[in-house]
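The values are calculated or read from the model by the stated rules, or taken from the named source; none is laboratory data. Values in this document were obtained by computation on a predicted structure and should not be read as measured data. With ideal geometry, Cβ positions are generated from the backbone for all residues, glycine too; neighbour counts draw on all protein chains shown.
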Amino acid sequence: MLTLGSLTFAAPWLLAALAVLPILWWLLRLTPPSPRRVLFPPIRLLFRLRPKEETPHRTPWWLILLRLIIAALVIAGLAQPLWNANFGFPRTGPVMIVLDDGWAAAHGWEQRKEAAQALIDRASRNDRQVILATTAPQASAPNFGLTPMPAATAATQLAAMEPSPWPTDRSAAAERLDKADLPANLNVFWLSDGIGSQKADIDSAFSDALQKHGMLDVMSLKLDLPLMLLPPERDPNGLWAKVERTQVGVVQPVRLRALDRDGRTLGISEGSFRTDERVARVKMDLPVELANRVSRIALENGATAGAVTLLDDGGGRKPIGLVTDNAALARQPMLGEIYFIERALAPNHEVRADRLQTLLKQELAVIVLTDHSNFADGDRPALKKWVERGGMVVRFAGEKLADDANDDLLPVRIRAGDRTLGGALSWTEPAHLAAFPNSSPFAGLKVPKDVEIGRQVLAEPDIDLGNKTWARLTDGTPLVTGERMGDGFSVLFHVGSTADWSNLPISGLFVEMLDRLVMTASGIVANADENRPLAPAQTLNAFGQLTTPIASAVAIVAKNLSTTRAGPQHPPGFYGPDNQHRALNLAPSQPVFTSLAIPARQLAADRTLELGPSLFLIAFLLLIADMLIALALRGLLRRRGALATAGAAAIALCLVSMPRPSDAQQIPDQDVLAATETTHLAFVRTGVPQVDATSKAGLYGLTQTLLRRTSVDVGDPVMIDVEADELSFYPFLYWPVTAGQHTPSPQAIEKLNKYLAVGGMIFFDTADQNLVGMSGADMGPGAQRLMELTPGLDVPRLMPIPPDHVLTKSFYLLRDFPGRWIGGTIWVEVPRGRVNDGVSGILVGSNDYAGAWATDELGQPLFPVTPGGERQREMAYRFGVNIVMYALTGNYKSDQVHVPAILERLGQ
Amino acid sequence: MATATFDKARYQAAEIAERVPPLLLAARRIAATIEQGVHGRRRVGRGEAFWQFRQYYPGDELRRLDWRQSAKSDRLFLRQMEWSAAQTAFLWCDLSASMRFASKRDLPGKLETAQVLTLALAGAMSRAGERVALLGSGERPSAGRFVLESIAHRLAHLSGQAETSSEQKFSIPPPAYLPAHSHVVLISDFLAPPEELKAAINRFAGTDCRGHLIQVLDPAELDLPYMGRVRFEGVEGEGDLLMSRAENVREDYKTELANHWDSLRQLAQSAGWSVSRHVTDQSAAKSLLEAYQWLSADHRPAVRQ
């Protein structure tokens, strides 16, 4: 082995052959290029000429140099040069690669794998076996265990490895190492992720455990350590994301992206670590209604599970119950008592209006009671208990409350009767709102001048009334009072929830106040069982992408969620039923986030390059060049010919080296042949087995009829999947419209549009004429479904078929078009001049034609036709023949040439 | 040479010959010419074509009376024929190996060109009723419609012979006996040493034959267009020659070729013959026309009739 800097020769003794080069030089110099041979009849004349100077012709020096370079390249290539080979191992035993595969390793995972692959390559060059070990806990032990295996096997194992979305557990890994029966004299390489374990001595113990078996080489990538997002905080000012880093010392900017449940970006916020900060708080600059929808916050450029933090569903969007006995009445626009409340809350929250008993059984954050709400027996204690467990009850005053001063579900005591301001018998003007006190949840909201309070209920002046007052009028009387009850709140608006007493409910302030109240509410008060299991709904992979849960994920008992640590059984992600997702984040399972205390060798991510093949290739190219030059010197190439040859050689090389372009659409040849050898009638697969079977039988019956009665030679009907199959082979598509089929994808729609544009024909059969009834004119449910099915399909204007349409005379002369049902209209395109020769690409019928055509193998009809008679079936077949003829011959029969014959047949 | 190739040459020759009027060889010493042919001399004599009726004068041969004409009137008439005399022409085409040469793929070979010229001349002459034969074929000169066919076959036969045998006898006209006052047309590249040629020409000229030489050369033989290191090889076993820079001798070669041409012309002039040169990239018709003009012209200093 010979190493020159990064260059290593695996077979350096071959380089001795370079010594031959000078001899080669001498030989080549002596041997001139062989002359060009020319037959020349008048050679006698030439014999008489003696050339003036006859210098011995020598090979030009540059040609010799070229040949020497070729020889040198071949010799160097044979010596197996390697770039960055890092040849050899210090110990004699196998090679052990310990790979940190926790979430932090997802940062630069490909480089880690490349580094490991380079080690495996090196082991294979040295004929060493390889042991692979990982440090993240796994649900099941990896099948490769801790046993030595051949390098090739290790390479395939490595290729299949993925990082895990939870932290490494090096103490468990050390235990596994202790238990394993490892050979001695190992060459151990620890590709660390650079993140320390919870305690530094775990890492040192792990490193000792590795050291015990042989020579340890700790390596880390030349990469910054990843950042970790901590669960965000919500406060009245908004949503704060928290980012943690391992090292302090520099100002480091971060960019965060807030996403909603569907993965749409809601906003991007930027912040930065101050020099000595380990944790940066970044405010997500989002309006309240958007902040409430945030389901995920992700670091902009960190693709790890730690760079994503998940929020519980309803972290912002909360379920709110509006108590009403008669939802329809209460929602009456402008007048209903919950109308304004619902309008204010519904955009940002999940609002349910129902009876109190029903609402109390659900998971709710806030229950709103208006003056009209009635309490049944036992409601008050139940509601009170719910509030004490963390719920928030918001009540609105009204006539009833004013009369009933003994309500105990109020933050303050109410004086009987109400106060009217600015009434006919009052000297006062309607009151305005004062600025909100600082302790109030409404603090900071701007008070508009035009909010006027005309009537309100008054609180008994108690000693703590001031503390309970969250909003007051300019004269100091409380407008909104609130009180903590247990873990929850009881809030009272001293005005009604309609615009009778004040115009507060119709002001923008009302919306903001309710939002603040909901935000103040503690959150969902689960009346549901705290012991219910939350099944994994979506889990993060190590790269921070939400995917379907991994196989090892199991449900978490709801009350344990906050203490659960992420691991193989519980990968970070969303748990629980839809819309009530609870988030399990990675951060709590990585309580200590520091860099690894063990010094590691920084690993360049560059790979070992085998230079041999490239050298051979260059030598080969030079050899071709040498050949061309030699030919040119012998005059065997004209100049133009030489260029052409060289060009051809270059093109050939390019073609060889170029990757084969993949065919845009790969259809097996035999399918193409089968589809194009004869004409086939085709129908669109709906995915509803019964419908598809009927279509197939129908087209079979029609095919038999065509074969019997016409010269159209059609093959067996073909089922088409508009998503996958090539349409252009089929002149005619029968498309039964059913409720059960999926809406085609945009790609399929595009394909259909193309099909129609190049002259294809689709016959939509809504098959719902039996539902429409005999009245005929209006469209049935199938037509509705058709419109849903084909959004984006380029359908021109349709019209009912005119009596002189080609379809009425393309083979048989027809007046109406019965199928299994009768009476429906055929819709055809309004002819668009010369577009597609005026042939309608789209036909829409509703008479269930396939049902009428359908026969079994023996030609027996499968379905009865209504109102009935074989004459109707015959007419259906005739229409089928006509429609196929129309698809195949277009408007041929509308040509005036046929008019006399048609008139004659019509007896006119 | 395959018959097919030869048929092609014959076809070409026929085509070219059609473009020239029947070649009437300039007749010399008509009085001495014994052979009779359709060589109309615009005067009364022995021949087959009707010339005129003449009134009978006593002393005329009675058997020459044209009774039909005489019966039309009271006088007697003689039928007189046009006096016709045929010339004899011998054609020779060099079939030696040096003729089998074409410097470029798209050029016709020298041999092919020479054969075309030979047959074209033969065709043109036989249409004029001259008696034509291939020199060295051992056949008597003949006239008539089929003479071209027979010459073509003969030529094919000979060139087949020449191809198989590498003897040099094909590069010099054979020492055949020629009737006096015949025409001789020699078609060759005339690259053989002029001395050898001189002997042959003098032999023909000795029997008072008139002749014309057509030198057929390839453009490469004219220009020596080769460059660089070239090994020239003779085609008739002359040996080979290595030139390190062929372009250096080009001018010298041209001078040498011009000298050769001069000696050839002098040789011809000394015998009262003419020389023309045909290069294979030229049209054969042009060279044919040159030969035609020479042969049909009367080069006698004076004609006694």
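Annotations
- Given (1) modelled with pLDDT under 80; (2) closer than 25 Å to B:R127 by Cα; (3) out of contact with any Pro (no Cβ under 9 Å at 6 or more places or on another chain); (4) aliphatic (A, V, I, L, M), index of the condition B:M227 fails: (2)
- Just one of the numbered conditions (1) over 14 Å from A:P319 (Cβ atoms); (2) of a type in the set (A, V, I, L, M); (3) at pLDDT 85 or above is not true of A:A402: (3).
- Exactly one residue out of B:R131, B:R127, B:R75, B:R140 is at negative phi, of a type outside the set (G, A, S) and over 19 Å from the mean Cα position of the chain (by Cα), and it is B:R75.
- In region B:216-250, residue nearest to the chain's Cα centre (by Cα) [restricted to those that are of a type in the set (D, E) and more than 7 Å from chain A (Cβ to nearest Cβ)]: B:D218
- Exactly one residue out of A:W103, A:W109 is buried (at least 24 other Cβ atoms within 10 Å of the Cβ) and either under 28 Å from the mean Cα position of the chain (by Cα) or free of Cβ contacts under 8 Å to residues at least 40 places away in the same chain (or both): that is A:W103.
- Here B:V279 meets the list (1) away from chain A (no Cβ under 11 Å); (2) crowded, with 22+ Cβ neighbours inside 10 Å almost entirely, failing just condition (2).
- Residues that are within 19 Å of A:P41 (Cα to Cα) and either more than 14 Å from chain A (Cβ to nearest Cβ) or not polar (S, T, N, Q) (or both) do not occur anywhere in region B:202-211.
- Taking the criterion of being crowded, with 17+ Cβ neighbours inside 10 Å, of a type in the set (A, V, I, L, M) and assigned to a loop (DSSP other than H, G, I, E, B), the residues of region A:211-257 that qualify are A:L225, A:L227.
- Scoring B:T118 on the criteria (1) at pLDDT 80 or above; (2) within 14 Å of chain A (Cβ to nearest Cβ) leaves a single failure, condition (2).
- Lone qualifier among B:F232, B:F204 - being touching a Phe, Trp or Tyr at 6+ places or on another chain (Cβ under 9 Å), in a helix (DSSP H, G or I) and either at pLDDT 85 or above or crowded, with 19+ Cβ neighbours inside 10 Å (or both): B:F204
- Residue match in region A:138-153 (condition: closer than 22 Å to A:L210 by Cα, free of Cβ contacts under 8 Å to residues at least 60 places away in the same chain and touching a Gly at 6+ places or on another chain (Cβ under 9 Å)): yes
- Index of the failed condition, A:L888 passing every other in (1) closer than 20 Å to A:K809 by Cβ; (2) not in a helix (DSSP H, G or I): (2)
- Test for B:W273: is it among the aromatic types (F, W, Y), more than 13 Å from every other protein chain (Cβ to nearest Cβ) and in contact (Cβ under 8 Å) with a residue 24 or more places away in the chain: yes
- When we screen B:F170, B:F190 for residues that are at pLDDT below 80, crowded, with 20+ Cβ neighbours inside 10 Å and within 14 Å of chain A (Cβ to nearest Cβ), the only hit is B:F170.
- In region B:28-110, counting only strands (runs of 3 or more DSSP E) that sit wholly within it, the ones holding 2 or more residues that are at pLDDT 85 or above span B:50-55, B:77-84, B:88-93.
- Residues located in region A:270-282, provided they are touching a strand residue (DSSP E or B) at 6+ places or on another chain (Cβ under 7 Å), surrounded by fewer than 16 Cβ atoms within 10 Å (Cβ to Cβ) and of a type outside the set (D, E): A:S272, A:R278, A:V279, A:R281
- Flag if B:G160 is more than 18 Å from B:E256 (Cα to Cα) and within 14 Å of another protein chain (Cβ to nearest Cβ): no
- Complete set of residues in region A:458-474 that are over 13 Å from A:F436 (Cα atoms) and either of a type outside the set (A, V, I, L, M) or in contact with a strand residue (DSSP E or B) (Cβ under 8 Å, 6 or more places away or on another chain) (or both): A:L458, A:A459, A:E460, A:P461, A:D462, A:D464, A:L465
- Residues in region A:565-583 that are at pLDDT 85 or above and either part of a loop (DSSP other than H, G, I, E, B) or touching a Ser or Thr at 6+ places or on another chain (Cβ under 6 Å) (or both): A:R565, A:A566, A:G567, A:P568, A:Q569, A:H570, A:P571, A:P572, A:G573.
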